[in-house]
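Before any comments, here is the structure.
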Amino acid sequence: MCPACRRELATRQPFVSVPVPRPDGFPLTVTSAVYDDLLRRVINAHKERQALILTRILAERLALSVDALLTHVRYAVVAAEIVLVPMPSAPRTVRERGFDATNAMARIAARRLRKRYRTTARSMLVQARPVADQAGLGARARQKNLAGAFRLRRLIKADAVVIVDDLVTTGSSLTEAARVLHEAGVPVLGAATVAATARVRTRTFAD
């Protein structure tokens, strides 16, 4: 990223994001910035063109969102371990890209957060079945497409988990991930993302 884009991104502060319409069971979600042209180019370059130099930059934004979420819920149990759970990617997508973009961001974000919290990143979810491309699907279609799409990969003992992803749009993916974890008895504090699309309503932490 050029210095000007870095400075522009650094001015953006995390906020609570709520999809419209809001899916039932959508977790408390904090995002670091609106998904505008700048973040669209950065996220796409990272995932689709394997611009791995951007992993650290995106992970720093993700860490900001996680920290804001933990501050918002007043999570201050110093001795407790917080696990960042990345949204699962399709195995075929990971093979084609050569890496798991969300998992890579989660691992670096966890390291950034260790100055204040005991954090680690663990893959607890996998895709249970193939899903259609979400591009172009509306909110209801996305919910139907993702219903039952994830399953627990392994149950990891954790004091609290935060689901992490690069982008929240309709909220269907985060909602389904939270449902699977809740049903397994995993304590989900909420979710954190790098960006949120314009269809997501933003609100301050005071609202």
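The values are calculated or read from the model by the stated rules, or taken from the named source; none is laboratory data. Please read all numbers here as calculations on a predicted model, not as lab measurements. A quick note on method: Cβ atoms are made from the backbone with ideal geometry, for glycine too, and the neighbour counts reach across all protein chains shown.
Observations, loosely collected:
- Unique residue being closer than 20 Å to residue 178 by Cβ, modelled with pLDDT of 90 or more and of a type in the set (Gly, Ala, Ser) when the list is 80, 68, 59: 68
- Where a residue in the range 164-184 is more than 21 Å from residue 100 (Cβ to Cβ) and its partner, wherever it lies, is in a helix (DSSP H, G or I) and modelled with pLDDT under 95, with Cβ under 7 Å and at least six apart: 170/139; 170/142
- Condition met for residue 66 (within 15 Å of the chain's Cα centre (by Cα), in a strand (DSSP E or B) and on the phi < 0 side of the Ramachandran plot): no
- Residue match in the range 148-163 (condition: in a loop (DSSP other than H, G, I, E, B), at pLDDT 75 or above and surrounded by 17 or more Cβ atoms within 10 Å (Cβ to Cβ)): yes
- Within the option set 56, 41, 61, 92, being in a helix (DSSP H, G or I), charged (D, E, K, R) and surrounded by 19 or more Cβ atoms within 10 Å (Cβ to Cβ) holds for one residue only, 61.
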